[in-house]
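The values are calculated or read from the model by the stated rules, or taken from the named source; none is laboratory data. Small disclaimer: the values here were computed from a predicted structure and weren't measured. FYI the Cβ positions are ideal-geometry reconstructions off the backbone, even for glycines, and counts take in every protein chain you see.
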Amino acid sequence: KLTVLGSINADHVISVPYFAKPGETLTGHSYHIAYGGKGANQAVAAARLGAKVSFIGCIGDDDIGKAMKTEFEKDGINTRPIKSIANEMTGIAMIQVAESGENSIVISAGANGHLDEAVVAEFESEIAQADYLLMQLETPLPAIIQAAKIAKENNTQVVLNPAPARELPDELLSLLDMITPNETEAEILTGVKVVDEASAKQAAQIFHQKGIQKVLITLGSKGVFVSENGQGEIAAGFRVNAVDTTAAGDTFNGGLVTAMLEDKPLDKAIRFAHAAAAISVTRKGAQSSIPTRQETLDFLSQ
Ligand code: ADP
């Protein structure tokens with residue numbers, strides 16, 4: 001079983017010809033509210049892709065928070081560890097999607113800022129009883145560190161997708177079994193600019209030195225650099241026509257952990273995650289773009 005700890009956001013999405021420049025007022029189109037947040041996206045991805053998922057997170061006492069929780073339940077996620085915070089709003093993200101398919105995101109934490117050590121203590125058993133704990137960095141760091149400690153004490157494997165990018169204490173890094181940064185996040189955490197296989201290997205070495213066994217640096221359409229104890233190589237992704245890369249990394253992480261829960265070897269787990277993420281970039285939206293297990297298996301057998 002998998003426990004995901006992380007953020008829940010209502011994504012306010014607007015399509016733009018290009019990102020608005022400072023001082024510019026730009027006319028966009030196709031505005032809509034989508035369900036997102038890295039924690040929620042990864043929980044939904046894992047659940048749709050076949051994992052048994054419990055989700056530790058916080059929503060506001062508003063209609064959108066309740067609606068999102070109902071959607072998680074439809075995906076079969078255990079929402080008992082989702083706390084409703086009084087007098088607070090559910091987190092939001094303002095997302096611009098450019099014609100190039102790139103996105104630009106601004107976040108207001110709202111209820112996500114209340115995911116503190118008390119919340120982790122309340123749902124400690126969900127971490128202790130899980131095989132894997134999957135986290136990101138859109139919720140407060142002290143609770144993330146505490147959750148990682150509880151996991152370690154209970155032989156729960158800890159996977160961190162260190163997004164959005166920020167520096168992290170060695171204390172947290174030493175508690176991780178696996179880290180899955182993209183190129184930007186890898187650079188902020190290691191100081192190494194990841195531009196090719198050699199620099200990815202250098203960055204991976206630094207993570208290994210901090211005590212992390214499995215390092216996966218995602219490289220967008222180029223796939224992922226994977227390093228286990230220093231033996232690194234690029235595992236290519238799938239070529240697809242990308243229309244919106246929102247939640248690509250989240251789908252990759254959800255798919256990866258789902259496959260590892262099934263004891264698949266790392267190369268097979270990455271292939272499954274690449275397939276799920278590739279499908280997600282061909283569709284608009286965050287949670288709405290995440291494929292099911294069957295869609296992913298069909299894609300792989302094409
Ligand atoms: P993030 O969204 O966190 O920055 P990446 O952009 O590195 O993460 O993408 C994560 C994964 O999503 C990649 O390893 C790959 O599997 C998939 N992916 C991302 N962009 C594309 C693309 N244009 N075509 C195919 N797969 C993609």
Inset, instruction - Considering only residues that are within 6 Å of the ligand (Cβ to nearest atom) and under 16 Å from the mean Cα position of the chain (by Cα), look in the range 233-252 and name the one that is surrounded by the most Cβ atoms within 10 Å (Cβ to Cβ). - result: F252
Inset, instruction - Take the range 70-88 and flag every residue that is within 21 Å of T246 (Cβ to Cβ) and touching a strand residue (DSSP E or B) at 6+ places or on another chain (Cβ under 9 Å). - result: E71, F72, D75, I77
Legend entry - Residue among A147, A204, A151 that is crowded, with 24+ Cβ neighbours inside 10 Å, within 16 Å of the ligand (Cβ to nearest atom) and assigned to a helix (DSSP H, G or I): A204
Inset, instruction - Residues being near the ligand (Cβ under 10 Å from one of its atoms) and within 15 Å of K214 (Cα to Cα): count how many of those fall in the range 163-185. - result: 3
Inset, instruction - Starting from residues that are β-branched (V, I, T) and closer than 28 Å to V53 by Cα, keep the ones in the range 156-205 and report whichever is farthest from the chain's Cα centre (by Cα). - result: T156
Inset, instruction - Would you mention how many residues in the range 47-68 are outside any strand (DSSP E or B) and either farther than 10 Å from Y35 by Cβ or at pLDDT below 95 (or both)? - result: 11
Inset, instruction - For the range 273-301, name all the residues that are part of a helix (DSSP H, G or I), hydroxyl-bearing (S, T, Y), under 12 Å from F238 (Cβ atoms) and more than 8 Å from the ligand (Cβ to nearest atom). - result: T296
Legend entry - Residue identified as in contact with a helix residue (DSSP H, G or I) (Cβ under 7 Å, 6 or more places away or on another chain) and within 11 Å of the ligand (Cβ to nearest atom) among G220, G255, G211, G230: G255
